[in-house]
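What follows draws every value from the coordinates through simple rules; no lab data is involved. Fair warning: this is a prediction, and the values are worked out from it, not measured in the lab. Heads up, the Cβs are rebuilt from the backbone with ideal geometry, glycines too, and the neighbour counts pull from every protein chain shown.
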Amino acid sequence: MLEENGSRSRVKDLEPPSPRSEWDEYRLVARDNQEEFYGNLSTITFTIRGIEVGAEKPFIIAGPCAVHSREQTLEIAKSVKEAGAEMLRGGAYKPRTSPYSFQGLGIEALEILAEACEITGLPIVTEVTDQGKVDEVGDYADVMQIGARNMQNFALLVQVGEYAAQHGKAVLLKTGPLPKLKEVLCAAEYLAVEYDRKGRIPKIILCERGINMNDGLMRNTPRPDFLTQLRRATYLPVIGDPSHSTGRRDLVREFGSEYLNAGANGLLIDVIRNNEEPYIDGVEVCDFKQGLPAAIFAGYMESIKPRTVKQK
Ligand code: PEP
Ligand code: MN
């Protein structure tokens, strides 16, 4: 804009912000820093036990919230495999809000997951909750999950990143309880730095799991729009978790589809057995209210078969 005296206004004279400055703090994971990914919505692709991540078809991680027993886990593993899921989830170490809640079977659960993998061939996704367990969990996991509460546990990020890069494992990073976009991307960057140090491609998957706010209807609040922003900001695959974000089995399919509409590369879904009881061996089933019975999960999988992931 020209001023009365003919000179340009100060605002116009200022240098425009450098595009680099926007992603400099997460330069390894930024979409705009990679020629191949700039201006489109494609993602890095890699395989985990032969399963392709970042492909045109959304990939589905399914299984019990927590491993409660061998019988429960093997039955669910077989069901989700038959329904077409690509990976098996199951918590061995659980980050529970209350110290009185079931904390997971630990190493016993990891052994059960290993057996489930042997039977079904499904890669194992399981959470590592603290630094002292990185080697133990890493030994069994194909994908090491970092939970929402640990998204900014930087020491854990570094250690898991280092282990995963060293041993050819992938990491599933969940979005924090109330994260800013930059905070998620920088958390992913901590992991990417470790893969970069080892000269490996960053086998990192991000997972939108809702924010810890609700207006009474849901456990949390899903943010498919946040997933869309993440897809635009990074070339890493981003999946949605309609189970933990809604906390309600009657809403899982609807919000799963919302995530897919928003461009999700895949979904993470809690599955329970058909006619599952709320207790196993006297212990309350973890996140029972959000678990999708196996038959309903199979029906949902059938309905999303024709789906492809947005690449543009
Ligand atoms: C989970 O996936 O089992 C879990 C604990 O989720 P979040 O970290 O998203 O709460
Ligand atoms: Mn859970």
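Remarks
- Pairs where the first residue, in the range 247-270, is within 14 Å of ligand 2 (Cβ to nearest atom) and the second is of a type in the set (D, E), C-beta under 6 Å, 6+ apart: L268/D241; D270/D287
- Filtered residues of the range 97-121 (kept if within 16 Å of ligand 2 (Cβ to nearest atom) and surrounded by 15 or more Cβ atoms within 10 Å (Cβ to Cβ)): F102, Q103, G104, L105, A109, L113
- Candidate set from the range 271-296 (those that are away from ligand 2 (no atom under 15 Å from the Cβ) and hydrophobic (A, V, I, L, M, F, W, C)); member that is surrounded by the most Cβ atoms within 10 Å (Cβ to Cβ): A294
- In the range 60-75, residue nearest to ligand 2 (Cβ to nearest atom) [restricted to those that are over 20 Å from the mean Cα position of the chain (by Cα) and under 21 Å from I48 (Cα atoms)]: T73
- When residues of the range 140-174 are limited to those that are more than 14 Å from the chain's Cα centre (by Cα) and not in a helix (DSSP H, G or I), the one farthest from ligand 2 (Cβ to nearest atom): G168
- Selection within the range 26-59 - under 17 Å from the mean Cα position of the chain (by Cα), assigned to a loop (DSSP other than H, G, I, E, B) and at negative phi: V29, T43, I44, T45, A55, K57, P58
- Per the listing P224, P242, the residue uniquely more than 16 Å from ligand 2 (Cβ to nearest atom), buried (at least 18 other Cβ atoms within 10 Å of the Cβ) and at negative phi is P224.
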